[in-house]
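Below is one structure, written out as structure tokens; the observations come after it.
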């Protein structure tokens, strides 16, 4: 469920980025990062920790950094979209 919440914030950030509103992009990304950090803390000692820290790094690079990894908002969103079918009853 947490991945859906993070994905929703990423979706918001992408919409605001398309509209050119960097302030709202940052607000959405900071909410997503807070959720990621809480998830990382809950995963301490488990195998998936590396994937969450890599996800955090990629998101920070694209939305707040210099985009060293040459990511796109669509690529990042696609990573979260795969969780949406799992949420349906």
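If you check residue 51 against the conditions, is it part of a helix (DSSP H, G or I) and modelled with pLDDT of 95 or more? Criteria not met by residue 51.
Listed by first and then second residue, the pairs linking a residue in region 47-74 that is closer than 19 Å to residue 15 by Cα to a residue that is modelled with pLDDT of 95 or more and not in a helix (DSSP H, G or I), with Cβ atoms under 7 Å apart and 6 or more places separating them unless they lie on different chains, are 58/69; 58/71; 61/67; 61/68; 61/69; 61/71; 62/71.
Do the conditions hold for residue 9, that is, is it part of a helix (DSSP H, G or I) and surrounded by fewer than 18 Cβ atoms within 10 Å (Cβ to Cβ)?
No.
The values are calculated or read from the model by the stated rules, or taken from the named source; none is laboratory data. Treat the numbers as computed from the prediction; the structure is a model and nothing was measured. Cβ coordinates were reconstructed from backbone atoms using ideal geometry, including for glycine residues, and neighbour counts include every protein chain displayed.
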